[in-house]
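Colleague: I have a structure I would like to understand better, so I am pasting it below and will then ask my questions one at a time.
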Amino acid sequence: MIQNKITFILGAGASMAYGFPSGATLKALIWRRLQPSFLRQHPFFYEAAGRYLGRSSQSELEKIVQDFRSSLSISPDETIDYFLEISPKEFQTIGRLAIAWILLEKESKNCLFEEWLFYHGIKSQKHRDNRTWRIKPEDGHWYQFLFNQMCRDCKKLTISPKTISP
């Protein structure tokens, strides 16, 4: 049983089984999402960028975002993370906001906590209570497999549904 605090640092690909994009796909999604025509339909992005960058001029924000997008398009970096490591602060802010925007849309309680029941063909509460299923890492839902392995010898484990966002 684990008795010390441990931090796991995982790359974007680790969450692909849960519907999240790989690092390379995330970079492409950000580039596509920051098109002027798309951003006109989602003005909250400019509002958030203005707040974090301390700028209020719409034209100035549009220029920063499009400079970011142009630089991203010619970047040889495979992922957005590498691109942001060497970018100026303004680009880091734009990149972080875009990452959050995309990943927040991908978060789904069903995918993270319930979808695997259907994945394994368990469709009723009866089967769920039976515990006839076993989560295996090769099923792609390795987070739950790891969690189960870590908790295998735990005598008491409390997880509050209040700590899990819907």
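The values are calculated or read from the model by the stated rules, or taken from the named source; none is laboratory data. Every value quoted in this text rests on a predicted model; they were computed, and no experiment measured them. Because the Cβ atoms are built from the backbone with ideal geometry, glycine has one as well, and the counts that use them run over all protein chains shown. Only protein heavy atoms, including side chains, enter the accessible area calculation; ligands, DNA and RNA are left aside. Shrake-Rupley method; radii C 1.70, N 1.55, O 1.52, S 1.80 Å.
Colleague: Starting from the Cα gyration tensor of segment 37-103, take the square roots of the eigenvalues, sort them a ≥ b ≥ c, and report rounded, prolate or oblate (rounded when a/c is under 1.5, otherwise prolate if a/b is larger than b/c, else oblate).
Modeller: prolate
Colleague: Then there's this: For LEU34, what is the net charge nearby, where nearby means another residue's Cβ is under 12 Å from its Cβ and Lys, Arg count +1, Asp, Glu -1?
Modeller: +3
Colleague: How big is the equivalent ellipsoid of segment 25-74 along its three axes, where each semi-axis is √(5λ) from the Cα gyration tensor, reported in whole Å from largest to smallest?
Modeller: Semi-axes, largest first: 18, 12, 10 Å.
Colleague: Arrange the residues TYR82, TYR18 by how much accessible surface each exposes, largest first, with a 1.4 angstrom probe.
Modeller: TYR82, TYR18
Colleague: In addition: Quick check: residue separation of ARG55 and LEU146 times 0.36 nm, minus the Cα distance between them. What number comes out in nm?
Modeller: 28.4 nm is the gain from fully extending ARG55 to LEU146.
Colleague: Sticking with this structure for a sec: Give, to the nearest whole percent, the P(r) tail of segment 1-60 beyond 14 angstrom, counting all Cα pairs.
Modeller: 71 percent
Colleague: What does the net charge come to around THR79 if you take all other residues with beta carbon closer than 13 Å to its beta carbon, with K and R at +1 and D and E at -1?
Modeller: -3
Colleague: Run the paramagnetic zone check for ASP67: 7 angstrom along Cα to Cβ, then residues of segment 31-56 with backbone nitrogen under 19 Å.
Modeller: Under 19 Å, as judged by backbone N against the label point of ASP67, lie 31, 34-36, 46-56 of segment 31-56.
Colleague: Okay, moving on. For LYS5, LYS63, LYS27, LYS89, give the ranking by accessible area with the largest first, probe 1.4 Å.
Modeller: Accessible-area ranking of LYS5, LYS63, LYS27, LYS89, largest first: LYS5, LYS89, LYS63, LYS27.
Colleague: For ILE80, ILE6, ILE86, write out the residues from largest to smallest accessible area, computed with a 1.4 angstrom probe and no ligands counted.
Modeller: The most accessible residue leads, giving ILE86, ILE6, ILE80.
Colleague: Viscosity 0.692 mPa s, temperature 37 °C: what is the translational diffusion coefficient of segment 57-96 from Stokes-Einstein with a Kirkwood Rh over Cα pairs, rounded to a whole number of µm²/s?
Modeller: It diffuses with D of about 319 µm²/s by this estimate.
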